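See below for the structure under consideration.
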Amino acid sequence: MRCLVVEDDNEIATIVKQGLGELEGEVEVESNGRRAYERALANHYDIIVLDLMLPEMDGYTFAKSLREKEINTPILILSALRELDDRLKGLSMGGDDYLTKPFAMAELQIRVKNLLKRAQKASEVTQLVFQDLKLNRLNRDVVRAGRKLDLQEREFVLLDLFMSNPNKIIGKQTILKEVWNYDFDPQTNVVDVLVCRLRNKLEKDFPTRLIYTVRGVGYVLKSS
């Protein structure tokens, strides 16, 4: 494991570096958001642990900019910002998980392990196919009937979930867990909004539907 810790609090950075070093990995620390972003562009990291309040470039911009560059390194946000809106914003900008400070090192280690396992699993199968729809996990391309579709990061993850489970009903709680890594319902319509966006991109100007709503249960990717 090669990890980049982006944290401007020296005490916290030292604790995180020591704790993640126990996972038998190489841990680098950067306190400046802009410099960390440049390092993430220039080097390969297996995971990034990211604070949000950083000098020169905040964590939100850092994550969003990496995703726009199609760099899909797992990002664990580690922040003192505890409000739901902060967590949702961090995850929607490109974060894969969100842990608030103060934190238990054992929990941080487990979350890092889970993100690494998820990334490894995703790399085992590089392409998913359902009817005329193809998803490539390596280059993040999504093509339907020969037409390339432009999906945002969360849309891509959700489509990957659907295509990994064709003809199976997927509940909202499962989507929250897999896409946002939430173990609870944040009492918002984020799932419905995301499914609607994805459905519009997959089905607009195409003759057949792909994603169906199962009222009161969830959604399913199936043949029309």
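The values are calculated or read from the model by the stated rules, or taken from the named source; none is laboratory data. What you see is a predicted model, and the numbers here were worked out from it, not measured in a lab. As a convention, Cβ positions derive from the backbone with ideal geometry for all residues, glycine included, and neighbour counts pool all protein chains shown. Accessible surface is based on the protein model in full, side chains and every heavy atom, while ligands, DNA and RNA are left aside. Shrake-Rupley method; radii C 1.70, N 1.55, O 1.52, S 1.80 Å.
At a 1.4 Å probe, what is the % contribution of carbon and sulfur to the accessible area of the stretch 43-83? Ligands and nucleic acids excluded, carbon and sulfur reach 48 percent.
Using a cut-off of 21 Å between Cα atoms, the listed pairs K69/K148; K172/K222; K134/K172 include K134/K172 as exceeding that distance. Based on the convex hull around the alpha carbon atoms, the stretch 29-128 presents an average projected area of 6.8 nm².
Reported to the nearest whole Å, the Cα centre-to-centre distance from the stretch 1-45 to the stretch 104-121 is 15. The Cβ shell under 9 Å around P74 holds other residues with a net charge of -2, Lys and Arg each +1, Asp and Glu each -1.
What the chain shows is 51 Å² of accessible area per residue, with the surface traced by a 1.4 Å probe over protein heavy atoms.
Label sites at E107 and V129, each approximated as a point 7 angstrom past Cα along Cα to Cβ, lie 4.4 nm apart. Between the stretch 127-166 and the stretch 59-74, what is the separation of their alpha carbon centroids in Å? Using only Cα atoms to place each centre, the spacing works out to 19 Å.
A compact globular protein would have a Cα radius of gyration near 2.2 N^0.38 Å; the ratio found for the stretch 30-80 is 0.99. Using +1 at the Cβ of each Lys and Arg and -1 at the Cβ of each Asp and Glu in the stretch 86-224, identify which of L202, S224, L128 lies farthest towards the dipole's positive end. Selected residue: S224.
Summing charges over neighbours of R111, with a neighbour being any other residue whose Cβ is under 10 Å away from its Cβ, gives -2 when K and R count +1 and D and E count -1.
In straight-distance terms, cross-link reach from K17 covers every one of the lysines whose alpha-carbon lies under 22 Å from its own, apart from those fewer than eight places away in the same chain; here that gives K101, K113, K117.
Taking a sphere under 12 Å around the Cβ of I12 and counting the other residues whose Cβ falls inside, with K and R at +1 and D and E at -1, yields a net charge of -3. Within the chain, DSSP assigns beta bridges of which about 50% are antiparallel (rounded to the nearest 5).
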